[in-house]
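Encoded as structure tokens, the structure appears first; notes follow it.
The values are calculated or read from the model by the stated rules, or taken from the named source; none is laboratory data. Treat the numbers as computed from the prediction; the structure is a model and nothing was measured. Backbone-built Cβ (ideal geometry, glycine too); neighbour counts: all protein chains shown.
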Amino acid sequence: MATTSDSVREIFKGLGRLLGLARSLYSPDQEETLMKLTLSALILGISLFSGAAHLNAQVRTDYDHSANFATYKTYSWLIVQAGDSLWNDRLKQDVDAQLASKGWTKTESGGDAMVSAFRSTQNEQTLQTFYDGFGGGWRWRGFGGGDGLATTTTEVTKVGNVVVDIFDAKSQKLLWRGKDSDDLSSNADKNVQKLQKDINDMFKHFPPT
């Protein structure tokens, strides 16, 4: 599967090929136009790189390094809270599937460990700047001047946050925590797939050894 870095690398390769073609077509007296084209490509590449990085899920985990995870074989749910019953069930099923794949068995009560999971959504504002004419306040004098302006727009992106905690049932001490933050789509089915993938990534190295 292609990673974000692979995709960005291909983007810049494509931009490089386009610039090479442009240089072969433009004459020396059109240097100003070529310089503007080069700057446009650079800005586009940076924008695409930022967008690709932002879309990448941020999964982080931490755990009690003194805990012996080999002694834990069963677990029970403490609480799951994801906004509504549909997402409660989806989050719980995804965590159950991962723990089962690690050899842990779910019990209604009395497990060696207790699991809690929370999901919330929030809106994040990101600023994106686009250059029109490569002049104006930025004063690109080396490229022949111009009266263009830098236009900054604000975009609101909905982000889903998930936290999964695993406690020792007897001591109630936190053993492991997984945190995930990912951009959400307007398509519910895509968000279900995102959740499943992110929970899978969260438990990729569980239990710690």
The one condition residue 178 fails out of (1) modelled with pLDDT under 90; (2) part of a strand (DSSP E or B) is (1)
Inside region 101-135, the number of residues satisfying the requirement of being β-branched (Val, Ile, Thr) and at pLDDT 70 or above is 4
Going through (1) over 24 Å from the mean Cα position of the chain (by Cα); (2) buried (at least 17 other Cβ atoms within 10 Å of the Cβ); (3) of a type in the set (A, V, I, L, M, F, W, C) one by one, residue 82 fails only at (1)
Picked from region 173-193 (must be of a type outside the set (A, V, I, L, M), touching a residue at least 12 places away in the same chain (Cβ under 8 Å) and surrounded by fewer than 19 Cβ atoms within 10 Å (Cβ to Cβ)), the residue farthest from residue 100 (Cα to Cα) is 183
Residue 158: passes all of (1) surrounded by 11 or more Cβ atoms within 10 Å (Cβ to Cβ); (2) of a type in the set (Lys, Arg); (3) modelled with pLDDT under 55 but (3)
